[in-house]
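> Mind looking over this structure? Questions follow.
The values are calculated or read from the model by the stated rules, or taken from the named source; none is laboratory data. Only a predicted model underlies this, so the values are computations on that prediction, with no experimental measurement involved. Backbone-built Cβ (ideal geometry, glycine too); neighbour counts: all protein chains shown.
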Amino acid sequence: MMMSMSTSPPPQAPKGTVDFLPPDGDRLQALEDGFTGLARRYGYRRVYTPTIEHTEVFLRLGEATDVVRKEMYTFEDRGGRSLTLRPEATAGIVRSFVEHGLAKRVPLPWKVYSVGQNFRAEAPQKGRYREFRQLDAEAIGDAGPAIDVEVIDLAMEFLRVAEGGELALLVNSMGDGACKPAFVDLFRSYLEGRRTDLCRDCGERIEGNPLRVLDCKNPGCRAVTEDAPRIVDHLCDPCGKHLDAVLTGLDALGWKYRVEPRLVRGLDYYTRTTFEIQSADLDAAQNALGGGGRYDGLVEDLGGDPTPGIGFALGCERILLATAGAVTAAGTGPGQTVQAVVVDVAGGTAALEALSALRKAGVSADGAGWERSMKAQMRSAERLGAVMVVVLGPDEVAQGTAQIKDLRSGEQRAVALSAVADEVKGALR
Ligand SMILES: [Zn+2]
Ligand SMILES: [Zn+2]
């Protein structure tokens, strides 16, 4: 016996993690189900990759990024290998694409989606956790702007239905190997001239990752970047044409957007199209529901032949936060969990058999504490949101019957025990 444990306070979930209890757990599941259905309709198929990867996979994303430098959960396993809990999904998916030689084995683009946890040691805030869930889609092996439009359309269409509120779509281009390096140099020398006006973090970013300064919320840094050179003014001709084609496609599909030259996503690997989707239902500091972009160099960075790719990730916790009112109003409340409740005051196995028959017939059904009084069980049935109640009294069961009651109308009648499932199912139709 571990007696010493009894004096400790009860354990709590680690900082930055969250329990999704019903009905929030059900809302999370509904998001995942909705995303799965839509992604499949767009021709994306499910991929599962490990939650842990060799640390090297993420180091290749760029050692200068904040995510890689400061936010990864990295540890040595028992064999002395350095492993990291994935901070995002794309790197592992691209690693799997390269490892399994898919570039030569499957039709391209390889279109996949995933749903799962990622881990970042960030300061927790509302809707942002250290263990967080993302809905993710990737299309690898297509350089054309049409796939960019498709990917953005999938993200927007999902959020239009799931979020239900006002969305803002921000689009930018990060340029490519031909124009991004020269722009980064230009941007860096601009920042060097204003170094004393920048916060300490941004001072450190100038050398390795100057574009991240655009993300800084510090008013001084924002003032500096207001007048900074804009990447959209320095795109090479092919990048400019690519961006135009993406915007034309979004116009054709009726999506409103804003070209936002300040938009740079957290990881270094983005090229050309990047986008972010914000919710008007959330505060400005935490209104991003997700985003993504093109990563034409990433397959090569992870050891494959040069292969373009694009994808996005949407944050489940943020979406739940944005829809907190809407979803509850739509009726996924704690009460609405079962269709039928079996109330038993007869004893024996008739209630077990009736419950089993209902569930086999596809009715969501439950008992309500069969050792309790009829009155207590009926109260539970109402609290569980049941529409139909099956009542098993000693007299009924002795005669091979049960009472079924429709709680909507109050109507009640006797049916044969063997017909309970069919009768309830019929009444629910
Ligand atoms: Zn700053
Ligand atoms: Zn370019």
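> What do you reckon, is residue 249 surrounded by fewer than 21 Cβ atoms within 10 Å (Cβ to Cβ), within 16 Å of ligand 1 (Cβ to nearest atom), in a helix (DSSP H, G or I) and modelled with pLDDT of 90 or more?
Answer is no for this residue.
> OK, next. If I go through segment 80-116 residue by residue, how many of them are within 18 Å of the chain's Cα centre (by Cα) and acidic (Asp, Glu)?
Residues in segment 80-116 being within 18 Å of the chain's Cα centre (by Cα) and acidic (Asp, Glu): 1 in total.
> So which residues in segment 41-59 are under 19 Å from residue 312 (Cα atoms) and touching a residue at least 12 places away in the same chain (Cβ under 8 Å), if there are any at all?
Residues satisfying the conditions are 42, 43, 44, 45, 46, 47, 48, 49, 50, 51, 57, 58.
> Restricting to segment 167-187, name every residue that is within 9 Å of ligand 2 (Cβ to nearest atom), at negative phi and not hydrophobic (A, V, I, L, M, F, W, C).
Those that are within 9 Å of ligand 2 (Cβ to nearest atom), at negative phi and not hydrophobic (A, V, I, L, M, F, W, C): 173, 176, 177, 180.
> Also: Scan segment 154-177 and give yes if some residue there is more than 27 Å from residue 316 (Cα to Cα), of a type outside the set (A, V, I, L, M) and either within 16 Å of ligand 1 (Cβ to nearest atom) or touching a Gly at 6+ places or on another chain (Cβ under 9 Å) (or both), otherwise no.
Yes: one or more hits.
> Could we say that residue 128 is charged (D, E, K, R) and closer than 28 Å to residue 261 by Cα here?
yes
> If we keep just the residues of segment 256-291 that are of a type in the set (A, V, I, L, M, F, W, C) and in contact with a strand residue (DSSP E or B) (Cβ under 6 Å, 6 or more places away or on another chain), which is farthest from ligand 2 (Cβ to nearest atom)?
Step by step, filter segment 256-291, then rank; the result is 289.
> Can residue 305 be described as surrounded by fewer than 23 Cβ atoms within 10 Å (Cβ to Cβ), modelled with pLDDT of 95 or more and acidic (Asp, Glu)?
yes
> Additional query: May I ask you to list the residues in segment 196-208 that are in contact with a Lys or Arg (Cβ under 9 Å, 6 or more places away or on another chain), more than 9 Å from ligand 1 (Cβ to nearest atom) and not charged (D, E, K, R)?
206, 208
> Another question, then. Considering segment 145-171 alone, what residues qualify as being in contact with a helix residue (DSSP H, G or I) (Cβ under 8 Å, 6 or more places away or on another chain) and small (Gly, Ala, Ser)?
Listed by number, the residues that qualify are 146, 162, 164, 165.
> Right, something else. Within segment 213-239, which residues are farther than 18 Å from residue 177 by Cα and of a type in the set (Lys, Arg)?
Those that are farther than 18 Å from residue 177 by Cα and of a type in the set (Lys, Arg): 217, 222.
> Go through 258, 230, 262 for me and flag whichever is within 16 Å of ligand 1 (Cβ to nearest atom) and surrounded by fewer than 18 Cβ atoms within 10 Å (Cβ to Cβ).
Exactly one of 258, 230, 262 is within 16 Å of ligand 1 (Cβ to nearest atom) and surrounded by fewer than 18 Cβ atoms within 10 Å (Cβ to Cβ), namely 262.
> Take residue 264 and tell me if it is in contact with a Pro (Cβ under 6 Å, 6 or more places away or on another chain) and among the hydrophobic types (A, V, I, L, M, F, W, C).
no
> Which fully enclosed helices (runs of 4 or more DSSP H) of segment 136-245 have 1 or more residues being touching a His at 6+ places or on another chain (Cβ under 7 Å) and farther than 25 Å from residue 114 by Cα?
It comes to 180-193.
> Hand me the list of helices (runs of 4 or more DSSP H) wholly inside segment 1-95 holding 3 or more residues that are of a type in the set (A, V, I, L, M).
Those helices (runs of 4 or more DSSP H) span 24-41.
> Would you mind stating whether residue 210 is within 16 Å of ligand 2 (Cβ to nearest atom) and either buried (at least 16 other Cβ atoms within 10 Å of the Cβ) or within 25 Å of residue 311 (Cβ to Cβ) (or both)?
no
> Based on what the data block shows, is residue 238 surrounded by fewer than 16 Cβ atoms within 10 Å (Cβ to Cβ), more than 23 Å from residue 277 (Cα to Cα) and at pLDDT 95 or above?
Spelling it out, residue 238 is indeed surrounded by fewer than 16 Cβ atoms within 10 Å (Cβ to Cβ), more than 23 Å from residue 277 (Cα to Cα) and at pLDDT 95 or above.
> Separate question: What number of residues within segment 44-70 satisfy the criterion of being surrounded by 16 or more Cβ atoms within 10 Å (Cβ to Cβ), closer than 30 Å to residue 34 by Cα and among the charged types (D, E, K, R)?
The qualifying residues number 1.
> Next question. Looking at (1) within 30 Å of residue 301 (Cα to Cα); (2) surrounded by 12 or more Cβ atoms within 10 Å (Cβ to Cβ); (3) within 21 Å of the chain's Cα centre (by Cα), find the lone condition where residue 16 falls short.
It is condition (1) that residue 16 fails.
> Follow-up question, since we're still on this one. Name the strands (runs of 3 or more DSSP E) wholly inside segment 370-429 in which the number of residues that are under 10 Å from residue 343 (Cα atoms) and either out of contact with any Lys or Arg (no Cβ under 8 Å at 6 or more places or on another chain) or in contact (Cβ under 8 Å) with a residue 40 or more places away in the chain (or both) is 3 or more.
Filter on segment 370-429 gives 388-392.
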